[in-house]
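J.: This is the structure I have questions about; it appears just below.
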Amino acid sequence: MNNDVNTTSCNAYEIERIRSVITHTPSSHLLHILHAVQRQFFHISPLAIIEVASHLGLPISQVESVVEFYAFFYTSPRGRYNILFSNCTSCGYMAHGKNLLQLLAQRLGVVAGETSSNGLVSIGETSCIGMCDHGAALLVNTTPIAHLDAEKIEHIATLIQAEKPLADWPAEWFQFDDNIRRKDLLLNDMTASDCLCNGLGRGADSLLNEITQSGLRGRGGAGFNTGIKWKFCREAKGAAHYVVCNADEGEPGTFKDRILLHSHADTVFEGMTLCGFVIGAAKGFLYLRGEYRYLLPHLEAVLARRRKLGLLGNIILSQPGYVFDIEIIVGAGAYICGEESALIESMEGKRGIPRVRPPFPVTHGYLGQPTVVNNVETFFAAAKISLHGSAWFKASGTEKSAGSKILSVSGDCSAPGIYEYPFGITIQQILDDCGTKDIQAVQIGGPSGTLIDKTEFKRRLGFEDLPTGGSFMVFGRERDLMSIFSNFAHFFAHESCGFCTPCRVGTTLLKNGLDKIASGHGTHYDVDEMKRMAALVKRRSHCGLGQTAANHLLDGLQRFPLVFEQHLVHSNFEPHFNLDAALEEARQISHRDDAAAHLA
Ligand code: SF4
C-alpha cells in the first residue's frame, strides 16, 4: 500500500514538473515542446509523451512515433552533458590519426554510445553537423564545438568532470568564422534591405516576371525554375498560401546555409518576404536543422529587429494590405526532412516521411495549402535579383545554369570554406583555389551526388554537367576511399526513414556489403550482389534519398574498381603497381555506359 502511495505521489510530482515545462515553452509546436522536455529531463518519458499529447490534443501514438523518429529525442535518459561527435568524412572525429570519440570516452570512463552510471555524460555520434570547414567537431547539448584535437578533448573532459555549465566554457569555442574564401555575384553585393524596397516597388507581377526571366533554379539540388514554382503556387487555390525556407541542409559536406543564416539572414528573410508578396502569403516558416539550433537566438533577434523596422508584420514598408511574418521551426536531427514534403510533414508535427507526389507542395503543401518551399540560397539569390534585375543575374553562369553557386568546400585542401563561382567553372579551378595537391577524387553534391576521378577535373559545375546542392568534398591520394564509401553507406542506412522496403532494407544490405568488403572478407560475388542491390534501391525507392543512396557506390565501382578489387578475398591485386597507369587502364575498360548497361 505504501509503495502505491509513494508511486502515485511520485508520478504526481513528475507530472507537475512536465506540465510546468510544457506551459513555459513559448511555442505550441510539437517539436519545440519535445525539445524543451528533452532539455529538462534528458529524455522524453512515457509520462511526458502522455502529457504532451494531452496538452496539444494529439493522439498519444502520434507523439510517441515522433519521439521515436527523430535522432535528437531519446526515450531513455541521456547524460546531463550529451556529447555527439560528427561522423562525417570531413568534420568527423578522426583527427591526426586519433579517434577523439574513443579518447573522450576513455578519459571519462564511459562506453561509447552509452550514458555514464551517474547520469553525468553520454557520448555518441551523429551525422554531419555542418562544421566541415572547422575540422573535427561535436555537439554538446546541441551546441557545436569544432577544431577538436587531443588537447581540447582533455579540456572538455575536465570541464565535464567539474560539472561546469556551458556558459562557463571558453567563449571562443562557440565562435565560428564564416571562412568565405571567394565571393562572386551574390556575396560581393552587400546591399540588404534595399532588396525588399525595390522588390515591393516593382509590384508582384513584375517581380515574378523578373525572377522567372532570371533563370534562377532551386539551389537545394533539384534545380526547378524558381519563378515557375512561385507562379504555380500563386495560381493555386487555397484558404492560405505559405512560404517555407528549407534550412535543413543535412547533406554531409554542406555548410553554406549556415554561413548565409549567420551573416546574411536579413537578405534571406527579404527573399522569403518577397516570395510571400508574389504568391499572396501572409506567413512564412524557416525550418532550421537541429544541428544549427545555436543560430536560433541570432535569427530570432534579426526577425525581432525587422518587425520593429516595419520590414515584417502588419504593414510592411507602408505597402497597403501586405501582411507577412516568419516563424522558425527547429528540426530534431533527421536528414530526410531536407526533402520538401518530409519537411512539411515535420512542420505539421509528424514524422518526416516523404509524401506521395503529385500533388506537389505548390498546390497541396503545409496544411494542404499552396506552399513554396525553397532553399536558403534560393531566397538569398531571389532577393538580390529583385534589386538588380534578371539581366544582371543571367549575365553570370551558363545557358541552363544562370548565376552563381555557393559551395561548401571541405576535405583534403589547405583552405576549406565557402567559395562562390559563376556556374560553368571547372573542377580543376576550384581545386587550385582551395589549395590541393595530388587529389584522387572529388565528391560533388555530397554522398548522394557524383564522385569523379582525376581524369574528369576539366568537367564543369552546372545543371548541364555536374549539378550540386553545394557540397564539394576533396579526397587526397592518402585517403582510403573504401572507408569513405563505407561511411556514406552507413549514413544512408542510418538516415533512411524506413517507409519503403527497397530503401529501408536495401541501404542496410549495401552497408553490410561494404563493411564485408572493407574488412577483407568480400568476394566478387558480393560485389555483383551489391551492384544488383544498388540498381534496385535506385529504381524502386519512394523518394530522392533512396534513389540516390547508391550513387557513391556505383560511381566508386565504375571509377575506382581497383579500390574494391584490392579488398577482395582471392584478389588479383598486385600491391606494387603504378596506380596512375592502372587507373587510366581501368577508366578505359569501365566507362559509365558500360556500368549502366551492366545494371540494366
Ligand atoms: Fe524513406 Fe528511403 Fe523510402 Fe525515402 S526512399 S521514403 S527515405 S525509406
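The values are calculated or read from the model by the stated rules, or taken from the named source; none is laboratory data. The structure presented is a predicted model; accordingly, all values stated were derived computationally and were not measured. Cβ: placed from backbone, ideal geometry, glycine included. Neighbour counts: every protein chain shown. What goes into the accessible areas is simple: the full protein's heavy atoms, side chains included, and nothing from ligands, DNA or RNA. Shrake-Rupley method; radii C 1.70, N 1.55, O 1.52, S 1.80 Å.
J.: Do we find that GLU456 is touching an Asp or Glu at 6+ places or on another chain (Cβ under 8 Å), of a type outside the set (S, T, N, Q) and at negative phi in this structure?
T.: no
J.: For region 42-76, give me the residue count where each residue is under 20 Å from THR142 (Cβ atoms) and surrounded by 15 or more Cβ atoms within 10 Å (Cβ to Cβ). Outline the logic, then answer.
T.: If we filter region 42-76 for residues that are under 20 Å from THR142 (Cβ atoms), which is where we start, we get 42-45, 48, 52, 66-76.
Now drop any that are not surrounded by 15 or more Cβ atoms within 10 Å (Cβ to Cβ), which leaves 42-45, 48, 52, 66-67, 69-74.
The qualifying residues number 14.
J.: Go through (1) within 20 Å of HIS494 (Cα to Cα); (2) away from the ligand (no atom under 15 Å from the Cβ); (3) touching a strand residue (DSSP E or B) at 6+ places or on another chain (Cβ under 6 Å); (4) among the hydrophobic types (A, V, I, L, M, F, W, C) for VAL330 and report which single condition fails.
T.: Condition (1) is where VAL330 drops out.
J.: Any residue in region 501-523 that is open to solvent by less than 10 Å² (accessible area, probe 1.4 Å), out of contact with any His (no Cβ under 8 Å at 6 or more places or on another chain) and away from the ligand (no atom under 16 Å from the Cβ)?
T.: Yes: region 501-523 contains one or more residues that are open to solvent by less than 10 Å² (accessible area, probe 1.4 Å), out of contact with any His (no Cβ under 8 Å at 6 or more places or on another chain) and away from the ligand (no atom under 16 Å from the Cβ).
J.: Looking at this structure, is ASN82 of a type in the set (S, T, N, Q) and either assigned by TED's automatic domain parsing to the domain that holds GLN443 or under 22 Å from the mean Cα position of the chain (by Cα) (or both)?
T.: Working: of a type in the set (S, T, N, Q): yes; either assigned by TED's automatic domain parsing to the domain that holds GLN443 or under 22 Å from the mean Cα position of the chain (by Cα) (or both): yes.
Yes: the conditions hold for ASN82.
J.: Which residue, of LEU84, LEU58, is modelled with pLDDT of 95 or more and either under 27 Å from ALA489 (Cα atoms) or not in a loop (DSSP other than H, G, I, E, B) (or both)?
T.: Numbers: LEU58 fails: either under 27 Å from ALA489 (Cα atoms) or not in a loop (DSSP other than H, G, I, E, B) (or both).
Exactly one of LEU84, LEU58 is modelled with pLDDT of 95 or more and either under 27 Å from ALA489 (Cα atoms) or not in a loop (DSSP other than H, G, I, E, B) (or both), namely LEU84.
J.: Which residue, of ASP205, ASP257, ASP177, is in a helix (DSSP H, G or I) and open to solvent by 40 Å² or more (accessible area, probe 1.4 Å)?
T.: On the way: ASP257 fails: open to solvent by 40 Å² or more (accessible area, probe 1.4 Å); ASP177 fails: in a helix (DSSP H, G or I).
Among ASP205, ASP257, ASP177, only ASP205 is in a helix (DSSP H, G or I) and open to solvent by 40 Å² or more (accessible area, probe 1.4 Å).
J.: Looking at region 460-472, can you tell me whether even one residue there is closer than 24 Å to ASN87 by Cα and either more than 18 Å from the chain's Cα centre (by Cα) or surrounded by fewer than 20 Cβ atoms within 10 Å (Cβ to Cβ) (or both)? Spell out how you get there, then give the answer.
T.: Our first condition is that a residue be closer than 24 Å to ASN87 by Cα; within region 460-472, this holds for 468-472.
From the residues that got through so far, the ones that are either more than 18 Å from the chain's Cα centre (by Cα) or surrounded by fewer than 20 Cβ atoms within 10 Å (Cβ to Cβ) (or both) too are none.
Checking region 460-472: not a single residue is closer than 24 Å to ASN87 by Cα and either more than 18 Å from the chain's Cα centre (by Cα) or surrounded by fewer than 20 Cβ atoms within 10 Å (Cβ to Cβ) (or both).
J.: Would you check which residues across region 83-109 are under 30 Å from LEU47 (Cα atoms) and either of a type in the set (Phe, Trp, Tyr) or surrounded by fewer than 21 Cβ atoms within 10 Å (Cβ to Cβ) (or both) and list them? It would help to see each step written out before you state the result.
T.: Keep residues of region 83-109 that are under 30 Å from LEU47 (Cα atoms), which gives 83-85.
Listed by number, the list holds a single entry, PHE85.
J.: I'd like the residue in region 362-387 that is open to solvent by 10 Å² or more (accessible area, probe 1.4 Å) and assigned to a loop (DSSP other than H, G, I, E, B) and, out of all such residues, is farthest from the ligand (Cβ to nearest atom).
T.: GLN369
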